Amino acid sequence: MNYNYRYRLDPSDTHRETLDRHRDLYRQVYNHFLYRLNHNDGTTKYGEINQLPSIKQWWDNLTDLYSRTLQNVVERLYTNLSRLKDAKDNGRAVGLLKWKAPTEYRSFTYRQSGFDLKNTSGQTVLRLSKIGEIPVHLHREIPENATIKQVTVKKEPTGEWFAAFGVETPEAPPEKPENPEKCVGIDVGILKYAHDTDGTAVKSLDLSDERERLEREQRKLSRKQHGSNNWEKQRKVVAERHAMLKRKRRDFIHKLSSYYASEYDLVAVEDLNVAGMMQLDSNSRNRASAAWSTFLRLLEYKCEREGTHYIPVEPKDTTKECAACGVKTNKPLSVREHFCPSCGFTADRDANAAWNILSSGLENIGVGYSESMPVETALPTGTTSVPAKRVIETGSPVLKERAVSAASE
Ligand SMILES: [Zn+2]
C-alpha cells in the first residue's frame, strides 16, 4: 500500500543556501526544456532526458545536481504537458505551459535513490545526495516495514522547508466488499460543500475572516517599499496568513474524506463538474475547482486505504434527472428544490443529485439498489445541515461517537 508522510525540515543556513541554489537550477532546467519543447518539433520525454549528458557539457553548474533528480525535472515538464492535454480533451479552455518564475518553482524530487533517512545520535536526518544531512521533525514514525520510494523537498512561501515521503508497505490494500452494504452518494457542490444520500449536508467552510485578514496584510505589503527590510518582514506575514488559510482548508477536506472513506463500503461521487463551475466568476471558479480536485484525490486515496469502493461518476444530468422516476427537467442553479412534473417527487436539489450519483455509481460496478436502500423511502427523510466547523472539530458531520476514529487522517 502507498502512503504519504510530510515532515518539516530544519535546515541550517548552509543547507538553505544549497537547497535554494538547487531549486533555482532545477527551475532553469525546467524552463530550458520548455523552450526546447516550444521550438522543436517532435521532442519526446525520453529523447529529452537523453539530451541531459550533452547539456551538462556546457552548463557547468548542472554537475552539482543529482542526476536522477535532474531527469525528474524533464519528467515533470512532460507530466504537466499531458495534464494540459487531458484538460483540453475534456473541453476546458487551456493556454500554454508557462515559464516558471523563481517563486513558482518550489520543489524537487529524489526518486528511488540519492536519499536516506537515518538516525544519528537521537536526531533523525534526511540525507540528500549533493546537498547534505538535514534534521527532520519526525512527528510520527514511518512504519518499519515501509520502503521509501521518493522524497519531494519543498519550500513554502513562509520560507519553511518540508519533505514529503512517498512510501510503500508490503501489505496489500484491504479487499473491497463484493456486496457493499453501506453505500453513499455525495454531491459536492458550491453553495453547500457536500450533500449525501444519508441526508447530511455539510456547509462550505467559511474562511471569510481569514481571507479578510490576509487581504489586510496584503494591503499593508503594497504600501511598503518593494525589497526593503520592512517589505520583506511583511511579505513573511502575508505568507504565514496564506499558509494558515491553506491549513484550515486542508484540515477540513482531510477530515471529511476520512469520514466517508471509513464510514462506508462504497462512495460514489461526481467527477469534477466543469459545467457547474462555469456559473461562477473565474476567481471563485479556480478556487472551487482546486479544492474539488484535492477533495476527490484524498477521497480516492483514503478509500483505497480503507478498502472502500471509490466510484467517480460522470457529471451528466445528475441535477436534471428525477431520482425517483428518471424524467429530466431543466433547472437553473438558483432553483434549490427538485420537483418532478412527471411523478410529483419533491426533494432538495442536491439530495436528488446525490441519489442520482449513487445510482449511476452502483450501475458502474453492476450493483442495483439493494433492499436496504429504497429510493422512495430514503429520499424524503429530510436533511440535516451542518456547519463545516463541526467536521473540523469532531472529524465528522454526524453527531455520533463512532465518528471520532475518522478524525485522524
Ligand atoms: Zn419523477
Among strands (runs of 3 or more DSSP E) completely within the stretch 69-157, the ones holding 1 or more residues that are in contact with a strand residue (DSSP E or B) (Cβ under 7 Å, 6 or more places away or on another chain) and among the polar types (S, T, N, Q) are 107-111, 123-128, 147-155
Note: among 110, 66, just one is closer than 30 Å to residue 138 by Cβ and touching a helix residue (DSSP H, G or I) at 6+ places or on another chain (Cβ under 6 Å), namely 110
When every residue in the stretch 22-43 that is free of Cβ contacts under 8 Å to residues at least 12 places away in the same chain and in a helix (DSSP H, G or I) is compared, the one nearest to the chain's Cα centre (by Cα) is 28
Within the stretch 74-109, restricting to residues that are under 21 Å from the mean Cα position of the chain (by Cα) and β-branched (Val, Ile, Thr), the one that is modelled with the lowest pLDDT is 94
When every residue in the stretch 158-173 that is part of a loop (DSSP other than H, G, I, E, B) and in contact (Cβ under 8 Å) with a residue 40 or more places away in the chain is compared, the one nearest to residue 246 (Cα to Cα) is 158
Report whether or not residue 124 is more than 16 Å from residue 73 (Cβ to Cβ), modelled with pLDDT of 90 or more and polar (S, T, N, Q).
yes
Discussion item. Would you confirm whether or not the stretch 146-153 contains a residue that is at pLDDT 95 or above and out of contact with any Gly (no Cβ under 9 Å at 6 or more places or on another chain)?
Written reply: yes
Taking the stretch 296-309 and keeping only residues that are surrounded by fewer than 20 Cβ atoms within 10 Å (Cβ to Cβ) and either of a type in the set (Lys, Arg) or within 16 Å of the ligand (Cβ to nearest atom) (or both), one is left with 297, 305
Per the filter on the stretch 340-357, residues more than 8 Å from the ligand (Cβ to nearest atom) and among the polar types (S, T, N, Q) are 346, 352, 356
Within the stretch 254-283, restricting to residues that are assigned to a helix (DSSP H, G or I) and at pLDDT below 90, the one that is nearest to residue 162 (Cα to Cα) is 283
Considering the stretch 344-374, residues that are over 32 Å from the mean Cα position of the chain (by Cα) and at pLDDT below 85, and then whichever is surrounded by the fewest Cβ atoms within 10 Å (Cβ to Cβ), we arrive at 371
Filter the stretch 310-339 for residues that are of a type in the set (A, V, I, L, M) and either in contact with a Gly (Cβ under 8 Å, 6 or more places away or on another chain) or not assigned by TED's automatic domain parsing to the domain that holds residue 270 (or both); the one that is farthest from the ligand (Cβ to nearest atom) is 311
Of those in the stretch 173-197 that are charged (D, E, K, R) and over 17 Å from residue 318 (Cβ atoms), the residue surrounded by the most Cβ atoms within 10 Å (Cβ to Cβ) is 176
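The values are calculated or read from the model by the stated rules, or taken from the named source; none is laboratory data. Being a predicted model, the structure only gives us computed values, none of them experimental. Cβ coordinates were reconstructed from backbone atoms using ideal geometry, including for glycine residues, and neighbour counts include every protein chain displayed.
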